[in-house]
Amino acid sequence: MIRKESIENLKNYLDVVDVISQYIDLKKSGANFKACCPFHGEDTPSFVVSPAKQIYHCFGCGVGGDSIKFLMEYEKLSYPEAIEKLASSYNFTLEYENTNEKKLDSKVIEDTKRFFQKNFNSNNSMQEYIKSRGISDFSIEKFEIGYASSSNDTLNFLKSNHYNLNDAIEYGIIDRGENGLYSRFIERVMFPIYTITGKLVGFGGRTVTNHNAKYVNSPQTRFFNKSKLLYGYHLAKERIYKTKQIIVCEGYLDVIMLHQARFNTAVATLGTALTLEHLPLLRRGEPRVILAYDGDKAGLNAAFKASILLGQNGFDGGVVIFENGLDPADMVKDGKIEQLHNIFSNPQDFIPFCIDYIVSQYSLNEPIQKQKALDEANEFLKSLSSLNQDEYKRYLAQKLNIRETLIKTSNTKQRRNEVELVKIDIAELCILKSIIENPNMLDMVLDIVDSTMFEYHKEEFEILLQDLNDNRLNKITLNDRLESYDEERLKNELLVLVHKHYQNRLLAVSFNNDLPFKEKANEIKKIKDKLNLLKKGKLVNNS
């Protein structure tokens, strides 16, 4: 947990104008600075940054806050992620509560990356191989492509530079075996892998020999979880948020070549299928998700599973399948850029793709096979929202050439329950789930918030206070899409909730013209005092 005093010192160290001007163009306007708001489209600047108060506010859409809040909103980061990114960007050293936890020196993984890059730049055959794939010098530099030669070379580099070998093991660069230390990457082209905040946490390595494993990634560590990372996301995120689109590929080279062709929203999974753990990352910025997969059996199966996951969880987007052994990288190399534009502009929606895939597995000329196709497709439809069930019943009936009445969807009671759950707030539900799973944190929660601060889920919070085992809370407990926070994260999310509550109250009071002037001024002062206390890291009550 980051020390509160350290966060306050960071806030005092930061200048809101300097932070925001790194993302948008600010122009001086009297004592303040103005710009067109980056959070909603506008032609006339209504986004104001105050260096005196160290805050920003948009008079068009109402967003506002300090440097940390801006980074959270602009880059879709959590509170701790934004703090750590700002600290890293401004070379500010944060202090943590748990001083017993060993802090690893990231210099070892950063310098190893540079060592791999140096190896690549001095190896003509590796450069020729990469360039034969159509990758330019600019892309080589942008994606920091490297080369890991022999195990001894990597070990000698680490030992000769006196790095802590235990740190190198914890980062997954080397490991211990029966015969001692060895490098995990041997004779492989290396692709550094970063978190959303631009922190190097591991590598992907592609073999350049006849090794059975075509790709090898860093092992699971406390920094590297391949099910929560997407290759290239740190480079693509700004375009993803601006264009509201993300292209998910299967391979690193696909990502690099697509970026080279200015498809700058391309990312890739790390040799694993798309999982539930990827969904929070894909949701950032609410982009349209385009799956770009190979047309072979493995690619179609991966696209089907990913489409089920995305369709069931309400994602917008679709699937693009590359036929005849081609992939995005091949098409860029062959100069088929316009064709790629057309392909990505016309993906097949997730749900009809899944129905088509299911039906294609059966011989519809045989009644028994057709029944099996109906049963499987019907089960898939039942896993969707009521609206989508109704929408695609006819599509399935036409596909199977059967009467629509043969397709059974969920009943009226189930649909009514779904409608009741439409208005949700993921952040509030994650807070509730964290309390349900860790009741010992309830006292701490009640020291910070009360039910009035929950905008969408006040009723559930009040139920929770009466009985943590109430059956009405099962829909929260059993929802795999919701995260369960540890104490540090929970406290930070609660503070964000409180801050949002008082910001909303401030706006409501400011625009309430029915209040007498004196009463309005007093109320605004009270709310601002509370916000100032929050800014100083102090808790406030809701009186």
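The values are calculated or read from the model by the stated rules, or taken from the named source; none is laboratory data. This is a predicted model, so every value here is computed, not measured. Ideal geometry is used to build each Cβ from the backbone, glycine not excepted, and the neighbour counts take in all protein chains shown. With ligands, DNA and RNA removed, areas are computed over all heavy atoms of the protein, side chains included. Shrake-Rupley method; radii C 1.70, N 1.55, O 1.52, S 1.80 Å.
Overall, the accessible surface of the chain at a probe of 1.4 angstrom is composed of carbon and sulfur to the extent of 47 percent.
When the residues Lys518, Lys530, Lys228 are ordered by accessible surface, computed with a 1.4 Å probe over the protein chains alone, the sequence from largest down reads Lys518, Lys228, Lys530.
By definition, a body whose alpha carbon gyration tensor gives a ≥ b ≥ c is rounded when a/c is under 1.5, and the range 215-305 falls into this rounded group. The tail of the calculated P(r) for the range 111-160, taken as Cα-Cα distances beyond 18 Å, holds 29 percent of the pairs.
Accessible area per residue for the range 423-480, computed on protein heavy atoms with a 1.4 Å probe, is 55 Å². When each of the peptides 215-223, 256-264 is scored by how many other beta carbons lie within 10 Å of its residues on average, the order from highest to lowest is 256-264, 215-223.
Treating r as the C-beta distance of Asp467 and His40 and R0 as 45 Å, the FRET efficiency rounds to 0.60.
Note the direction-averaged projected area, equal to a quarter of the hull surface, for the Cα convex hull of the chain, in nm².
Numbers: hull surface 127.6 nm².
Quarter of the Cα hull surface area: 31.9 nm².
When the listed pairs Lys69/Lys518; Lys11/Lys85; Lys53/Lys530; Lys69/Lys530; Lys4/Lys530 are checked against a 19 Å cut-off, the alpha-carbon distance exceeds it for Lys69/Lys518. For the chain, build the charge dipole from Cβ charges (+1 Lys, Arg; -1 Asp, Glu) around the Cα centre, then report which of Leu406, Asn91, Val63 sits farthest towards its positive end. Toward the positive end, the furthest listed residue is Val63. Solvent-accessible surface of the range 120-218, taken per residue with a 1.4 Å probe and all protein chains present: 48 Å². Net charge dipole, the range 1-104: roughly 140 debye, given to the nearest 20, about the Cα centre with Cβ charges of +1 for Lys and Arg and -1 for Asp and Glu. Charges were assigned to the Cβ only: +1 to each Lys and Arg, -1 to each Asp and Glu. The resulting dipole of the chain about its Cα centre is roughly 720 debye.
Can I get the semi-axes of the range 261-314's equivalent ellipsoid? Compute them from the C-alpha gyration tensor as square roots of 5 times the eigenvalues, in angstrom, largest first. Please list the in-between numbers first.
Working: eigenvalues 62, 50, 21 Å².
Gyration-tensor ellipsoid for the range 261-314: 18, 16, 10 Å.
Counting only other residues whose beta carbon sits under 10 Å from that of Gly251, what net charge do I get with K and R as +1, D and E as -1?
Around Gly251, the surrounding residues sum to -2.
Tell me whether the range 435-515 comes out rounded, prolate or oblate; compute the Cα gyration tensor, take square roots of the eigenvalues as a ≥ b ≥ c, and use a/c under 1.5 as the rounded threshold. Prolate shape, in that a/c is at least 1.5 and a/b is the bigger ratio.
How big, on average over all directions, is the shadow cast by the Cα convex hull of the range 137-231, in nm²? Don't skip to the answer; put the middle values down first.
Details: hull surface 28.9 nm².
So the mean shadow area of the Cα hull is 7.2 nm².
Remark: the range 320-382 carries 54 Å² of accessible area per residue (probe radius 1.4 Å; ligands, DNA and RNA excluded). Between Glu391 and Phe511, full extension at 0.36 nm per residue minus the direct alpha carbon distance yields a gain of 39.0 nm.
Given the C-alpha centroids of the range 496-531 and the range 1-27, what is the distance between them in whole angstrom? So the two Cα centres are separated by 25 Å.
How far, in nm, would the chain grow between Asp111 and Thr93 when pulled straight, counting 0.36 nm per residue and subtracting the alpha carbon separation? Display every interim value, and only then the final one.
Numbers: separation 18, 0.36 × 18 = 6.48 nm, distance 2.01 nm.
Extending this stretch completely gives an extra 4.5 nm.
Report the relative contact order of the chain, percent, no decimals, based on alpha-carbon pairs under 8 angstrom and at least 6 residues apart.
Working: 719 pairs, mean separation 40.7, N = 543.
It comes to 8 percent, rounded to a whole number.
Shape call for the range 75-168 from the C-alpha gyration tensor, a ≥ b ≥ c root eigenvalues: rounded (a/c under 1.5), prolate (a/b greater than b/c) or oblate? In terms of gyration-tensor shape, oblate. With 5 Å bins beginning at zero, the pair-distance distribution over Cα atoms of the range 174-331 amounts to 2, 9, 17, 21, 21, 15, 8, 4, 2, 1, 0 %.
Full extension of the chain between Thr243 and Asn210 yields a length gain of 7.9 nm, computed as 0.36 nm times the residue separation minus the alpha carbon distance.
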